[in-house]
1. So with the 1.4 Å probe, I'd like the accessible area per residue for the chain, rounded to whole Å².
2. Taking amide hydrogens as modeled 1.01 Å from N in the peptide plane, which residues meet the under 5 Å criterion relative to Gly36, leaving out close sequence neighbours?
3. Could you tell me the calculated FRET efficiency between Met74 and Leu106, based on Cβ-Cβ distance and R0 = 41 angstrom, to the nearest 0.05?
4. Ranked from the most accessible area to the least, with a 1.4 Å probe and all protein chains present, what is the order of Ile124, Ile10, Ile153?
5. Using the membrane-span-like helix rule (whole DSSP H runs, Cα extent along the own axis of at least 18 Å, mean Kyte-Doolittle hydropathy at least 1.0), which helices of the chain qualify?
6. How big is the accessible area of Leu106 in square angstrom, nearest 10, if you roll a 1.4 angstrom probe over the protein chains?
7. With all protein chains present, calculate the accessible area of Ser4 using a 1.4 Å probe and round the result to the nearest 10 Å².
8. Express the relative contact order of the chain as a whole percentage, based on alpha carbon pairs under 8 Å and six or more residues apart in sequence.
Amino acid sequence: MNQSKASEKIRFLTLTGVIAGLYTALTLLLAPFSFGIVQCRVSEALTILAAYHPAAVAGLTLGCAISNLVGLTMGANTAGALDILLGTLATGLAAWASYGLRHIRLGGLPVLSTVPPVLFNALIIGTELTFVLGPVTLPTWLMWSGSVGLGQIIACVGGGLLIAYSFQKSGLDRKIQQDWNTNR
């Protein structure tokens with residue numbers, strides 16, 4: 001392997017680790033909002049990063065898995081061990097789909113990349129919570145729309161677009177794209 005390829009892989013792994021660490025830190029720092037029947041996982045705003053770099057897909061997925069595991073050991077993760085699998089799956093699929101929508105922009109912002117995290121998490125986590133906590137708590141449709149979906153809209157659309165707007169205004173979006181194109 002030549003030095004350029006090795007350097008590219010190191011950069012990719014480093015960015016993956018940084019994003020995983022940020023996701024985990026935000027999730028656990030805000031654990032009361034990150035887990036439970038009604039949740040607004042602020043760290044999900046970071047799913048917008050998948051619209052800028054493919055390392056974010058792995059970083060977000062890894063960060064979610066670590067967060068859900070540590071949340072379980074802390075007693076904060078009310079969905080239990082099932083969330084380590086399903087929560088990670090939801091975030092991973094959402095990040096992958098957000099990456100796939102990265103070229104569709106409105107006003108220069110990857111607005112459509114905010115939709116997959118809302119949909120995947122509302123459906124998968126809403127169903128998971130209904131299964132774990134029982135439909136007596138809240139009907140499944142309310143888990144999808146209100147309990148999880150609304151929190152995801154706040155975090156992913158509101159927070160994600162705030163991040164994207166900040167990237168655009170600071171020129172960081174162009175720098176990330178230029179860096180990615182140069183090192184491929």
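1. On a per-residue basis, the chain sits at 49 Å².
2. Excluding prolines and chain starts, which carry no amide H, the hits are Thr78, Ala79.
3. It comes to 0.60.
4. Ile10, Ile153, Ile124
5. Once both thresholds are applied, what remains is 55-74, 82-100, 115-133.
6. 100
7. Roll a 1.4 Å probe over it and Ser4 shows about 80 Å².
8. The value is 25 percent.
The values are calculated or read from the model by the stated rules, or taken from the named source; none is laboratory data. Given the structure is predicted, the values throughout are model-derived calculations rather than measurements. Glycine also receives a Cβ, built like all others from the backbone with ideal geometry; neighbour counts cover every protein chain displayed. Keep in mind that these areas ignore ligands, DNA and RNA; they rest on the heavy atoms of the full protein, side chains included. Shrake-Rupley method; radii C 1.70, N 1.55, O 1.52, S 1.80 Å.
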